[in-house]
Amino acid sequence: MYMKVTWVFILSMSSILDMTGCLPDKHLLSWLKPNPINILTLNAPPYFDSDLPQKMVTNLGDTAFLKCKVINLRNRMVSWLKTDPLQIISSGMYTFIKDPRYSSEYMEEENTWVLRITKVEYEDSGMFDCQVNTDPLMTYTVSLKVVKKDYRQFLNDAPQYAAEPSVKILRGYEHLVKAGSVLNLTCVVTTPTSYNQMTRWLRNDRIVTPKTGVSLLSENTPHSSVSCLIIHRVQHRDAGSYVCAAGDMGHDMAVVGIIEEVKPLKSFLTYDMMIPVIVLLSISSLIIVLGLIRTVARNNEETDSCSNRKSEV
């Protein structure tokens with residue numbers, strides 16, 4: 001009986017084989033279909049899905065959606081940057097750019113990271129990098145071109161300029177950050193010649209490497225480089241001196257201090273205590289008023305008594 005059932009199963013499966021000798025996807029059993037979590041790919045490095053479009057054209061005033069899909073991301077961080085001018089837009093779900101039209105989103109069903117730009121302007125045209133904080137960094141570039149609805153007017157590329165060589169950590173020397181918040185240290189390296197050296201971060205003379213909760217973002221152009229060190233939830237152990245070292249170009253240092261969030265003092269009177277206190281104050285006030293009335297009445301009686309004695313005399 002068992003052999004008969006087995007042969008029936010084999011014959012039924014062979015009847016739906018296509019001409020190439022493969023089962024169509026709709027006839028595959030669920031455990032035979034490919035899935036994003038596979039024992040053969042658990043230890044594989046992350047990689048980008050190249051099927052998504054890398055050239056986007058959006059009408060002026062519309063909303064642009066730049067998409068980036070990373071396979072085997074695991075605990076790494078996805079960030080969006082704009083290359084020219086250099087701007088760090090987001091890291092994970094945190095948005096650092098001040099422009100409220102930019103937002104970073106994650107489409108869980110499609111396992112896709114989306115950079116949304118509403119009411120696009122000509123200045124939004126350019127190259128955008130989707131980065132993963134691996135070592136070295138992985139980058140997936142998506143271009144955006146904003147046009148008029150007649151598709152004839154394009155934004156020209158901004159001219160490049162040469163700057164004096166320098167290494168600078170933005171926002172000054174001292175950085176005070178509340179415990180549990182996000183720390184973002186941005187280092188800008190400018191040089192009149194071609195810059196092809198790696199920028200490194202050191203904390204208390206130790207090299208900082210990407211890990212869970214710590215992201216390193218970088219972007220290079222022919223005459224400048226931007227490197228960002230982001231700690232997504234700072235703790236007291238993250239305090240200390242941070243150095244941005246740019247090889248032969250020099251370095252810059254910043255000191256980070258962690259402060260506790262000051263919480264307002266709670267009132268010693270709770271809601272349950274308010275009614276007894278009000279009643280007690282009312283009774284005390286009434287007693288004081290009655291005492292004053294009694295004192296005034298006694299003084300009036302004494303005055304009348306003195307007046308009567310004088311009149312008798």
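Summary of values
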{"read-out": "Amide N of region 115-137 lying under 19 Å from the label point, which is placed 7 angstrom from the Cα of LEU60 along Cα→Cβ", "value": "117-126"}
{"read-out": "Sites MET198 and MET253 - FRET efficiency at Förster radius 25 Å, r taken between beta-carbons, to 0.05", "value": "0.90"}
{"read-out": "Loop-resident sites, region 41-142, for GluC sites (Glu not before Pro), counting at most 11 other Cβ within 10 Å (DSSP)", "value": "GLU108, GLU109"}
{"read-out": "Label-to-label distance, nm, for residues given as ASP135 and ILE287 (7 Å Cα→Cβ offset)", "value": "7.4"}
{"read-out": "Distance in nm between pseudo-label sites at VAL279 and LEU176 (7 Å out along the Cβ direction from Cα)", "value": "4.7"}
{"read-out": "Label-point separation, PHE48 to LEU86 (7 Å along Cα→Cβ), nm", "value": "2.0"}
{"read-out": "Which of HIS223, HIS236, HIS175 is most accessible, then next, and so on - probe 1.4 Å", "value": "HIS236, HIS223, HIS175"}
{"read-out": "When each of LYS119/LYS148; LYS82/LYS178; LYS119/LYS168; LYS69/LYS178 is checked by Cα-Cα distance, pairs over 24 Å", "value": "LYS82/LYS178; LYS119/LYS168; LYS69/LYS178"}
{"read-out": "Extension gain from LYS168 to LYS211, taking 0.36 nm per residue of separation minus the Cα-Cα distance", "value": "13.1 nm"}
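The values are calculated or read from the model by the stated rules, or taken from the named source; none is laboratory data. All values reported here derive from a predicted model rather than from experimental measurement. With ideal geometry, Cβ positions are generated from the backbone for all residues, glycine too; neighbour counts draw on all protein chains shown. When the accessible area is computed, the model is the full protein with side chains, heavy atoms only, and any ligands, DNA or RNA have been set aside. Shrake-Rupley method; radii C 1.70, N 1.55, O 1.52, S 1.80 Å.
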